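Here is the structure we will look at, set down as structure tokens.
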Amino acid sequence: MKNPIFRLDFHFTFYIVSLLSATTAVAAGYPEKPIRLVTVEAGGSSDFVTRVIALGLTEQLGKQVVVDNRGGASGLIAKETVARALPDGYTLLLDSTALWILPLMRAVPYNVLNDYAPISLTDKSPGILVVHPSVPATTVKELIALAKAKPGQYNYATGLPGSSNHLAAELFMAMTNVNFVQINYKGAGPALVGLLSGEAQVMFPSSGSVASQLKSGRLKALAVTSLQQSALTPDLPTIAASGVPGYKSESAHALFAPANTPKAIIDRLHREVVVVLARPEVQERLLNAGIESVGSSPSELTQSIKSEMAQIGKIIKAAKIKVD
């Protein structure tokens, strides 16, 4: 008598082997046509990084990687476009930390952990803790002491609610138990103007946006917001090493494919983008724009997203930050 379990196992094994063979064959010929790299509207840092990576991947893969800018509020069109795309490796997403921070502040039409296959963290941009020259502090510890001695007397400038400079300030206050008064502006540019005028005394802008003001002495830099010292500001200590252990607040970009994209294709894309990000000319181009090249494994990207969502999620909930 034939064993029905054996027959079932045999057919199941044959199915799995056939499926793996088909996936390997698809990956071996990948890519066979141009790849669409979707990002948010043109003109910002995401668009800049996307175009640098698209050019590099075009050279590495031997097929054109075409940038597809999608506008819309909060970049939701770009995010949803890739979340709903076929998982065949021909539609990718390059997005910022907004992809995983935005769901903590509003309803979004995607699930960052379920709808995307992570490929690599591509870059990061730490901010800088800066103060107006009138503030009698030259270190983070001195600023904390001043803020605690005079609670509510120092204002901090932020751009839009939920922006990187806003979240960096909220995280700093939560971890140091100090109280700055928030002055909300219509963007990072107007916030910087408010800081320069003395209307606000503290801000956490990107390093590139305040380089000239720091050089001229119109602002004072106390520390960088990354966990390790930054190549962008090698002379600045980190906030974490200046009395606030574990403090970290960085903007970043990452590369994703739709969920269920074959692992062989994800692995190929990961290898190629890491090669692109390691090129000296790419690193220099990014550094000149205030951005540090990274390159991480898919699992490292996933862990980074989960860790940041957990930490920042508590801050957002405590501060009751909501965006439209």
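The values are calculated or read from the model by the stated rules, or taken from the named source; none is laboratory data. The structure displayed is predicted, hence computed values, not measured ones. No Cβ is skipped: glycine too gets one built from the backbone with ideal geometry, and neighbour counts run over all protein chains shown.
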Practice prompt. Have a look at Leu129, Leu143 and point out the one that is within 30 Å of Gln283 (Cβ to Cβ), crowded, with 16+ Cβ neighbours inside 10 Å and touching a residue at least 12 places away in the same chain (Cβ under 8 Å).
Written response: Leu129
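For segment 190-218, how many residues meet the condition of being closer than 23 Å to Gly44 by Cβ and in a loop (DSSP other than H, G, I, E, B)?
Result for segment 190-218: 3.
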Worksheet item: So how many residues does segment 92-113 have that are in a strand (DSSP E or B) and within 17 Å of Ala259 (Cα to Cα)?
Response: 4
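Yes or no, residue by residue, for (1) buried (at least 19 other Cβ atoms within 10 Å of the Cβ); (2) under 24 Å from Gln182 (Cβ atoms); (3) touching a helix residue (DSSP H, G or I) at 6+ places or on another chain (Cβ under 7 Å):
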residue: Pro205; (1), (2), (3): yes, yes, yes
residue: Gly208; (1), (2), (3): no, yes, no
residue: Lys220; (1), (2), (3): no, yes, no
residue: Val224; (1), (2), (3): yes, yes, no
residue: Ala241; (1), (2), (3): no, no, no
residue: His270; (1), (2), (3): yes, no, yes
Worksheet item: Which condition number does Glu199 fail, the rest of (1) within 29 Å of Phe48 (Cα to Cα); (2) modelled with pLDDT of 95 or more being met?
Response: (1)
Worksheet item: Could you count how many residues in segment 163-176 are surrounded by fewer than 23 Cβ atoms within 10 Å (Cβ to Cβ) and small (Gly, Ala, Ser)?
Response: 2
Practice prompt. Please give the number of the condition Lys79 fails out of (1) surrounded by 16 or more Cβ atoms within 10 Å (Cβ to Cβ); (2) part of a strand (DSSP E or B).
Written response: (2)
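Condition (residue is out of contact with any Asp or Glu (no Cβ under 7 Å at 6 or more places or on another chain), polar (S, T, N, Q) and closer than 25 Å to Thr97 by Cβ) applied to segment 138-145: is it met by at least one residue?
Going residue by residue through segment 138-145, those that are out of contact with any Asp or Glu (no Cβ under 7 Å at 6 or more places or on another chain) are 138-145.
Narrowing the set further to residues that are polar (S, T, N, Q) leaves 138-139.
Subset that is closer than 25 Å to Thr97 by Cβ: none.
No, that holds for no residue.
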